[in-house]
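Okay, structure first, notes after.
The values are calculated or read from the model by the stated rules, or taken from the named source; none is laboratory data. Because the structure is a prediction, the values reported are computed rather than measured. Because the Cβ atoms are built from the backbone with ideal geometry, glycine has one as well, and the counts that use them run over all protein chains shown. Just so you know, the surface numbers come from the protein's heavy atoms only, side chains and all, with ligands and any DNA or RNA stripped out. Shrake-Rupley method; radii C 1.70, N 1.55, O 1.52, S 1.80 Å.
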Amino acid sequence: MGKVSKEDYNRGLDEAKMVLSGKTNELVLQLKKDMAMASKEQDYERALELKKRIDSVDFLSERQNVQRKKTHDEAIINYLIRKDTVYLILFGVHAGVLDEKQEYSFSYTPDFLEEFLLQYYSENPVPRELILPQEVGSALVDFLSEKRGGPVTITVPQRGEKRQLLSLVLKNVDLAF
């Protein structure tokens, strides 16, 4: 909508990546330095804004430590299709912390998602849960479970935290491509 400059938007993305990567302490230190500088320059509105962001990061960090600490891993995958090309991003979350982001583009076929998952997980470890924008066939789920050596859950969230994660990946697809 053009209400936020590209620089501010990219800074927000960088901060979100730091939170998702578990680097909240590093982010809070940087925000505190920025807040001190704004106060020194008597830019109290900016200092207050930074204080609110620090509080938000602290809250998210506590919530992430409590709610996202998992004994299993997950992958969040989303895509866009433009002019017969699929643009797809895979976020890998391990023990509740984002630790990988992979971008792909390839030609569209009607079964592209299942084909991608089959090829990708033939060569890579299978997480316990896949968060996807659409259902996949039971034969693929059986293959993934066998490859993993245990059950694999396919989640197609309609609302809540996992839906927000799926939306975040979609925004990244749009920005990346």
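Every residue, every condition in (1) charged (D, E, K, R); (2) within 21 Å of the chain's Cα centre (by Cα), yes or no:
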position	(1), (2)
Arg82	yes, no
Pro127	no, yes
Ser138	no, no
Arg148	yes, no
Thr155	no, yes
Leu165	no, yes
query: Taking segment 23-45, which residues are in a helix (DSSP H, G or I) and either under 23 Å from Lys101 (Cβ atoms) or open to solvent by less than 90 Å² (accessible area, probe 1.4 Å) (or both)?
result: Thr24, Asn25, Glu26, Leu27, Val28, Gln30, Leu31, Asp34, Met35, Ala36, Ala38, Ser39
message: When you scan segment 49-59, do you find a residue that is within 28 Å of Leu170 (Cα to Cα), open to solvent by 100 Å² or more (accessible area, probe 1.4 Å) and over 17 Å from the mean Cα position of the chain (by Cα), even just one?
response: yes
task: Check off (1) open to solvent by less than 50 Å² (accessible area, probe 1.4 Å); (2) at pLDDT 90 or above; (3) hydrophobic (A, V, I, L, M, F, W, C) for Phe106 and give me the number that stays unchecked.
output: (1)
task: Please find, within segment 123-163, the residue that is nearest to Leu80 (Cα to Cα) out of those that are surrounded by fewer than 17 Cβ atoms within 10 Å (Cβ to Cβ) and aliphatic (A, V, I, L, M).
output: Val156
- line: When segment 70-94 is checked residue by residue, the ones that are open to solvent by less than 50 Å² (accessible area, probe 1.4 Å) and aliphatic (A, V, I, L, M) are Ala75, Ile76, Ile77, Leu80, Val86, Leu88, Ile89, Leu90, Val93
- request: Output the number of residues of segment 1-14 satisfying the condition of being among the charged types (D, E, K, R), at pLDDT below 80 and either open to solvent by less than 90 Å² (accessible area, probe 1.4 Å) or part of a helix (DSSP H, G or I) (or both).
  value: 1
- prompt: Restricting attention to segment 98-127, which residues are farther than 20 Å from Leu168 by Cβ and charged (D, E, K, R)?
  reply: Asp111, Glu114, Glu115, Glu123
message: I need every pair where a residue in segment 1-22 that is under 17 Å from Lys101 (Cβ atoms) has its Cβ under 7 Å from the Cβ of a residue that is assigned to a helix (DSSP H, G or I) and not hydroxyl-bearing (Ser, Thr, Tyr), sequence separation at least 6 or different chains.
response: Glu15/Leu27; Met18/Glu26; Met18/Leu27; Val19/Leu27; Val19/Val57; Val19/Leu60
message: Looking at Lys83 and the list (1) charged (D, E, K, R); (2) in contact with a helix residue (DSSP H, G or I) (Cβ under 7 Å, 6 or more places away or on another chain); (3) more than 30 Å from Val19 (Cα to Cα), which single condition is not satisfied?
response: (2)
